[in-house]
Amino acid sequence: AAGDQDSPPGSRFVCTSLPLDAAGAGCPLPPVPMQGGALPPEEELKATVLQLRETVLQQKETIGSQREAIRELTGKLSRCEGADGKAAPGTWKKEPGKGKDTMGDLPRDPAQVIDQLSRTMQTLKDRLESLEHQLRANVSYAALPNDLREMLQRRLGDLERQLLSKVAELEDEKSLLHNETSAHRQKTETALNALLERVSELEKGNSAFKSPDEFKVSLPLRTNYLYGKIKKSLPELYAFTVCLWLRSSASPGIGTPFSYAVPGQANEIVLIEWGNNPIELLINDKVAQLPLFISDGKWHHICITWTTRDGMWEAFQDGEKLGTGENLAPWHPIKPGGVLILGQEQDTVGGRFDATQAFVGEMSQFNIWDRVLKAEDIMNIANCSTNMPGNIIPWVDNNVDVFGGATKWPVETCEERLLDL
């Protein structure tokens, strides 16, 4: 047992003293004991030595195979943990001057060797499981570079802030829309009702004329019972424009082309030429004299504008502005709900006409707007280049009733009326 030629260098052996007579024999194998027979003490000692030697050799083989497995596992752990540049606790170190990894001096007791190897294997297994758990949990995030992670975090923060801002804006808009819903609904319903009313009027018109507006009202006598009446009334107005075509040869004065009376004020709006007086515009019983001359028996286009602001007024004849003024019932809004009469001056709402103030002649295209028209618009209407129905009172057949012998007739074309000027 002094040495074994097949054993690798650096191996350790268990040495046991042998009898002198056994040394020269080269440690021959003991004879197989006979069954049922008792071995002599020397033979029994030899058998024990051989068994111990076989046990050591088996332990050496086991240790060698386990070292290879541990070395492989250690290499894998080193690759996993090499990024930190530190050796994890419990890793094996390579002894200086040796080509093999060791764990220091192995205990001489085989039981201790096996126990230590078992603990080492368990430690390596726990570390591997911990690494695998961390890799599974963080592989999608930890594998990213630090700069990329920071950029993603900033982007996510920006998106979150933008989303919160957008949500706040939408909440504000929702609140605003909720507050304005009733007002929008009311305006929409009002516009739709006005449109439906206009459509119904056009559908029910059954006009005898080629077009609903191609007619004139004829008032041939100076009486207190011939007149026309506009079915629609005026709303409250802070400005207006009234335009009409008229032809009169009456003398003296043309009378009253139109008048608008409301409860408590018969002269809310009146256009009148009475006797030898000039043509006058009355608003709330206030008077402005207009420089118009239309009693020559020819067709003339007349437009009058007024605004409550400073009581400014303008007078147009045949598209040309002939006069302007101010302080005519300033800051007085035109009252709604009155009666609009063609050809007579009202002393009470809708009645008490005076024959000396009646209009004698023909009129057409009586339109009213709720604003002051521009001079170029009035010129275009007068020279027949445009057709602009009034947005408050349009000249349509089914909106005008005639009484007392007043009649409706087809009107000359706009061009024919121009030739009559």
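So is Glu345 farther than 20 Å from Trp299 by Cβ, charged (D, E, K, R) and assigned to a helix (DSSP H, G or I) or not? When the stated conditions are applied, Glu345 does not pass them. The residue list Leu202, Leu237, Leu226 contains one member that is open to solvent by 60 Å² or more (accessible area, probe 1.4 Å) and either more than 25 Å from Ala315 (Cβ to Cβ) or modelled with pLDDT of 80 or more (or both), which is Leu202. Being of a type in the set (Gly, Ala, Ser), outside any strand (DSSP E or B) and within 50 Å of the chain's Cα centre (by Cα) holds for only one residue in Ser249, Ser233, Ser295, and it is Ser233. Looking across the stretch 315-338, just one residue is open to solvent by 30 Å² or more (accessible area, probe 1.4 Å) and β-branched (Val, Ile, Thr), and that is Thr324.
Picking from residues in the stretch 269-314 that are polar (S, T, N, Q) and in contact (Cβ under 8 Å) with a residue 24 or more places away in the chain, the one that is most open to solvent (accessible area, probe 1.4 Å) is Asn276.
Could you list all residues from the stretch 353-371 that are in a strand (DSSP E or B) and open to solvent by 30 Å² or more (accessible area, probe 1.4 Å)? Once the filter is applied, which keeps residues that are in a strand (DSSP E or B) and open to solvent by 30 Å² or more (accessible area, probe 1.4 Å), the stretch 353-371 yields Glu362, Gln365.
Inside the stretch 388-404, can you point out the residues that are open to solvent by 50 Å² or more (accessible area, probe 1.4 Å) and either over 44 Å from the mean Cα position of the chain (by Cα) or touching a residue at least 60 places away in the same chain (Cβ under 8 Å) (or both)? Pro389, Asp401, Phe403, listed by residue number. Of the residues making up the stretch 298-315, just one is outside any strand (DSSP E or B) and β-branched (Val, Ile, Thr), namely Thr308.
The values are calculated or read from the model by the stated rules, or taken from the named source; none is laboratory data. Quantities reported herein were computed from a predicted structural model and do not represent experimental measurements. Backbone-built Cβ (ideal geometry, glycine too); neighbour counts: all protein chains shown. Accessible surface areas use protein heavy atoms only, side chains included; no ligands, DNA or RNA. Shrake-Rupley method; radii C 1.70, N 1.55, O 1.52, S 1.80 Å.
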